[in-house]
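I have placed the structure first, in the form of structure tokens, so that the comments after it can refer back to it.
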Ligand SMILES: Nc1ncnc2c1ncn2[C@@H]1O[C@H](COP(=O)(O)OP(=O)(O)O)[C@@H](O)[C@H]1O
Ligand SMILES: [Mg+2]
């Protein structure tokens with residue numbers, strides 16, 4: 001099957017007064033129809049920037065190279081109106097903070113109608129009743145009443161449902177969810193995850209779920225992509241990543257996860273590198289207990305070790321020693 | 001760029017300088033505001049020039065450039081014996097501008113300092129205490145700020161001038177002391193609003209909570225935390241206050257309600273007021289030079305204020 | 001919405017009464033109406049003075065002030081206004097003309113200021129940090145730093161005095177609405193007389209609005225919902241108008257209402273220097289004479305305008321921003 005989203009060697013850098021920030025440094029990724037891929041990594045690892053660049057939503061200071069094909073349409077290095085004609089239609093995105101993501105002065109219904117009418121030639125009335133259906137689909141009680149209300153009349157969880165309803169309004173092939181539950185309470189988080197799962201099953205939308213919370217990924221993702229310093233550190237099926245991680249960074253993330261059978265959390269020591277002058281070789285080596293001289297000249301290519309693919313050049317060695 | 005992006009950018013670039021104190025950081029940002037830095041130098045030069053008027057002035061404040069017996073000396077255009085020309089009774093405009101600026105700077109600084117002291121106190125207390133006092137202060141300032149400024153100034157001027165004990169303390173309405181008093185009475189309101197807002201936002205922050213929990217008194221909290229944190233807005237208020245008082249003095253003078261700084265002395269306002277008729281008579285030098293002095297002050301302070309605002313509140317900055 | 005407006009409007013009257021009372025007290029203390037009356041009408045009979053006191057309620061003592069105020073208020077409401085101390089003329093016809101002149105000047109200047117200023121502000125905010133932003137921003141700082149009397153006198157010097165000298169005629173007149181002795185309506189002459197005052201006032205408001213709009217729009221452009229709007233794939237134009245400007249205009253509109261309310265009393269310097277027969281000049285003359293019967297109605301008009309437009313500003317705000325739409 002053809003992937004609905006195919007990213008090849010995506011690179012993003014920002015010009016800033018302090019220098020050029022290399023936020024994304026060669027990410028490649030395929031997403032199959034209906035698949036739910038989790039993107040995890042510490043804050044600043046380039047998760048948001050990668051997908052904002054595909055949506056064409058980065059500021060002018062960004063330089064984007066590589067390729068990203070969404071359902072047959074290239075999104076990188078093409079005219080702005082080509083990108084615009086696809087976003088909201090074949091690829092849609094929801095954001096971290098539902099409280100500020102909706103325009104405070106327009107009614108919920110009108111904001112969804114705007115999304116529909118941007119890509120479909122339908123009447124206002126038709127678009128409105130479609131909006132009400134969508135609100136119902138994401139589990140908003142009394143959708144016809146709610147459609148006439150303003151964002152401030154909704155709770156955070158409800159607003160995120162509205163965002164999801166808006167994002168799926170044109171039945172996109174890919175839905176990017178950028179930390180959609182991070183700003184929400186735990187109970188609300190679970191509900192939103194359920195809504196996303198529902199949407200995926202009913203509409204067969206592929207979902208890219210960005211988060212720094214491996215726990216969330218474990219619950220809903222099919223596959224996991226672990227990002228570090230603008231590169232993919234490791235990828236694999238979710239079970240394999242959790243059962244047998246091969247990159248020391250992935251293991252670090254896992255052991256910083258609270259769990260029943262472990263007394264204390266072990267956060268990864270140190271901070272991500274400065275992306276203006278990122279280190280040569282493996283970017284994680286300064287924080288890695290297994291780092292050797294060879295790591296300083298390691299590439300970023302992924303190799304299969306066990307069940308996962310990883311960029312760690314010592315992965316197979318370490319795997320052997322652990323068993 | 002959203003603020004969160006900015007701070008993460010700072011972090012990734014290693015700019016969030018835990019090593020630099022907020023004051024030093026603000027100072028560095030101020031230095032990047034070129035217009036403000038130039039203004040500081042220009043203003044400093046002007047102030048120095050004026051302070052040195054015993055040496056930099058060429059004639060006494062009331063001295064004629066030459067005796068009338070040697071020929072007409074009134075309303076002469078600029079010449080080498082009088083760089084800025086002479087006024088209606090043959091005095092040197094250049095020297096008088098120096099003396100005038102000196103008086104105006106005194107009025108401006110004194111008013112601004114009093115306004116600042118009074119306004120910070122009232123604003124801080126209103127913000128900290130809240131309740132009735134806060135309500136009253138805010139309503140009073142509302143009323144005054146909504147009123148046409150010059151009308152309020154004139155009415156209050158005459159009202160205070162009619163009150164015996166006030167004039168005993170600060171002098172007659174035409175004295176410089178009274179001017180300072182009047183401008184301070186109006187000036188505190190703006191400062192109080194700024195300070196109150198600052199206090200309210202600081203009150204939310206946890207380190208104030210912590211200080212309270214440790215049993216610190218309100219006065220202690222003000223002195224230890226609030227005032228140092230409000231230094232930026234206060235500096236901005238101070239600079240605006242100086243200019244506000246100088247311009248107000250000139251405006252009052254223009255309509256005949258200005259100061260009478262004693263025998264022959266002058267102020268920028270009086271010079272500007274004198275230029276009103278000179279303009280129609282075509283004696284441009286009588287208007288232009290006092291205006292230039294006034295504009296140097298207002299422009300410099302304006303840019304310095306802008307620089308300070310950017311330095312202490314970079315979020316609202318942007319263009320230079 | 002209507003209920004909100006009504007509830008706010010109910011407060012209009014008490015506010016007016018309270019503020020006019022304070023102004024009444026301040027004017028009586030500050031101008032000493034009786035002394036001014038005697039000064040203006042020398043050797044006036046005791047009977048006349050008593051009549052003047054009764055007509056204006058100028059009784060002494062704390063109780064006298066309260067009683068006097070209500071007596072004045074009653075006379076004001078029943079349109080039984082005392083005559084001016086100078087020339088004993090009726091106040092309203094004169095005040096009405098002044099009001100009309102000020103509104104004309106003020107509205108034209110405000111319109112220019114609001115339109116041009118906001119346009120500049122938008123242009124600046126759309127390219128933050130670029131050349132045009134720098135120009136607008138520093139231009140506005142300069143505009144704010146030039147006191148109105150400086151621009152007024154410099155414009156007079158240039159376009160009247162020196163133009164006369166160089167070209168033999170004055171490009172713009174420096175005083176009045178019409179040349180002395182002119183009768184009837186003449187739009188061209190009126191525009192010519194208004195041009196310089198309008199420029200003086202507009203300089204200030206252009207500066208104010210360009211800064212205000214710039215800050216407001218920058219704030220909006222940095223908000224998250226702008227990214228949501230762009231992510232929909234709608235045109236950039238729609239993003240800017242429907243999402244950015246729609247939000248940025250909320251505070252700007254409020255400010256505009258407040259400004260228009262303040263305009264009738266806020267042009268004193270300009271009107272004074274251009275001898276423009278508006279409210280500002282009316283005040284300067286009346287205040288100079290200590291003309292209590294002229295000053296009180298003037299104050300009522302000014303306060304009424306400020307308070308009313310304050311209310312309108314609040315209503316406009318509530319109308320534009322659903323978040324503060326209170327029951
Ligand atoms: N507009 C921008 N200008 C400069 N640098 C940016 C900008 N946006 C993001 N970055 C930088 O790009 C890197 C990746 O950011 P991001 O993708 O937001 O991380 P995350 O993985 O937390 O989503 C960070 O180092 C961040 O500082
Ligand atoms: Mg992110």
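Just so you know, all these numbers are worked out from the coordinates, no wet-lab data involved. Everything numeric in this text was worked out from a predicted model, so none of it was measured. Because the Cβ atoms are built from the backbone with ideal geometry, glycine has one as well, and the counts that use them run over all protein chains shown.
Some points to look at:
- Between helix A:186-203 and chain A: long-axis angle, C-alpha atoms, 0 to 90°, nearest 10: 80
- Burial ranking of peptide ranges B:30-42, B:47-59 (average Cβ count within 10 Å, highest at the top): B:30-42, B:47-59
- Axis angle, to the nearest 10 degrees, between helix A:108-119 and the longest C-alpha principal axis of chain A: 80 degrees.
- Semi-axis lengths (Å, descending) of the ellipsoid that matches the C-alpha gyration tensor of chain B: 43, 26, 15
- Interatomic Cα distance distribution for chain A, bins of 20 angstrom, percent: 31, 56, 13, 0
- Across all C-alpha atoms in the protein assembly as shown, the radius of gyration and Dmax reach 34.9, 119 Å.
- Rounded to 5, the percent of DSSP beta bridges in the protein assembly as shown classed as antiparallel: 65
- Beta-bridge orientation, region A:1-144: approximately 95 percent antiparallel, per DSSP, counting only bridges with both partners inside.
- Volume per residue of the C-alpha convex hull in region C:57-213, rounded to whole Å³: 209
- Averaged over peptide A:18-30, the number of partner chain Cβ atoms lying within 10 Å of each residue's Cβ comes to 1.
- When you count the other C-beta atoms within 10 angstrom of each residue and take the mean per peptide, C:75-85, C:194-204 line up highest first as C:194-204, C:75-85.
- For peptide B:276-284, the mean count of partner chain Cβ atoms within 10 Å of a residue's Cβ comes to 5.
- The long axis of helix B:231-254 is offset from the longest Cα principal axis of chain B by roughly 30 degrees.
- Between B:266, B:251, B:167, the GNM of chain B built on Cα springs shorter than 10 angstrom shows B:167 fluctuating the most.
- Per-peptide average of other Cβ atoms within 10 Å, ordering B:145-155, B:233-243 highest first: B:233-243, B:145-155
- Computing Rg and the Kirkwood Rh from the Cα coordinates of region A:226-318 gives a ratio, Rg/Rh, of 0.96.
- For chain B, the relative contact order is 26 percent, taking Cα pairs closer than 8 Å that sit 6 or more residues apart in sequence and dividing their mean separation by the residue count.
- Gaussian network model of chain B, Cα within-10 Å springs - most flexible of B:231, B:68, B:246: B:68
- The mean count of C-beta atoms from other chains within 10 Å of the C-beta of residues in C:139-146, rounded to a whole number, is 5.
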